[in-house]
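Single-structure report; data block below.
The values are calculated or read from the model by the stated rules, or taken from the named source; none is laboratory data. Owing to the predicted nature of the structure, the values given are computational and were not obtained by experimental measurement. Virtual Cβ from ideal backbone geometry, glycine too; neighbours counted across all protein chains shown.
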Amino acid sequence: ERSKTCSACKDVIKETIPATGHDYGEWNETESATCTKDGEKERSCSTCGKVEKETILAHGHSYGEWEITTEAKCTEAGEKQRSCSECGKIETKTIEPLGHNYVNNECIRCHHVRAQSTEGVVFAYDSEFDGYYVKEYTGTASSVVIGASYDDGVHGEKSVTKIGEGAFIGNTEITTVVLPNTIRKILSHAFYDCAGLVDINIDFIPSEDIAADAFVGTMYE
């Protein structure tokens, strides 16, 4: 505020002087931001000394390209890593197993030979799991192997996921059944009255996915 006085009447006139506003200098970084932690900068007014502060946001990691440290195999997962060029943090990811790539029933990568279904095992398409189920067995062998996959020429090659309802019902000749680990359900009466059945690998299938009457009349009921 400023004032002036009339020399004739002595009246005093007052005027407001507008604030000049702060005259800030350049920003100075007082704490550097890191990949995960905010930093800070400040500047001061050359007139009154007021200090203004601002946050410098963490800039996040600056990762390079992924590098494979362990190659994935048909049945084993691999691993890849990348590192931050700023702080050195290493990020690791799992590479899913490749799965077998069969040509003429032999994997071209690891040479695993795929188990073939015993002659007489009949498959049908399974829409629930988009695979195939064992519909029936018309063969005569007492030891039955069920392959892990099938191709009906329409739906393509897919996993065998179920033993169908009544698939082996009343077959007293079979003694051994080898199931692939792709089986997810065994339906009603699948092995009903298969009195000669003494060996079947079902430990990997949850009990709730095996029908209560699937093995009635066998040693597994």
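Some observations on this one:
- Failed item in (1) touching a residue at least 12 places away in the same chain (Cβ under 8 Å); (2) surrounded by fewer than 10 Cβ atoms within 10 Å (Cβ to Cβ), with Cys6 passing the rest: (1)
- Residue count, region 1-47 (criterion: farther than 30 Å from Ser85 by Cβ and either more than 59 Å from the chain's Cα centre (by Cα) or hydroxyl-bearing (Ser, Thr, Tyr) (or both)): 24
- The number of residues in region 181-209 being touching a residue at least 40 places away in the same chain (Cβ under 8 Å) and more than 16 Å from Val134 (Cα to Cα) comes to 1.
- Ile95 meets the conditions (1) out of contact with any Leu (no Cβ under 7 Å at 6 or more places or on another chain); (2) over 30 Å from Lys158 (Cβ atoms) in every case but one. The failed one is (2).
- Any hit, region 92-111, residues being over 21 Å from Gly147 (Cα atoms) and hydroxyl-bearing (Ser, Thr, Tyr): yes
- Residue within region 12-29 that is at pLDDT 90 or above and β-branched (Val, Ile, Thr) present: no
- Among the residues examined, Gly170 does not qualify as over 30 Å from Cys74 (Cβ atoms), modelled with pLDDT of 95 or more and touching a His at 6+ places or on another chain (Cβ under 8 Å).
- A single entry from His111, His22, His59 fulfils the requirement of being in a loop (DSSP other than H, G, I, E, B), in contact with a strand residue (DSSP E or B) (Cβ under 8 Å, 6 or more places away or on another chain) and not hydrophobic (A, V, I, L, M, F, W, C): His22.
- Across region 37-51, the number of residues qualifying as loosely packed, with under 13 Cβ neighbours inside 10 Å and of a type in the set (S, T, N, Q) comes to 2.
- Enumeration of residues in region 25-54 that are more than 30 Å from Lys89 (Cα to Cα) and not in a loop (DSSP other than H, G, I, E, B): Arg43, Ser44, Cys45, Val51, Glu52
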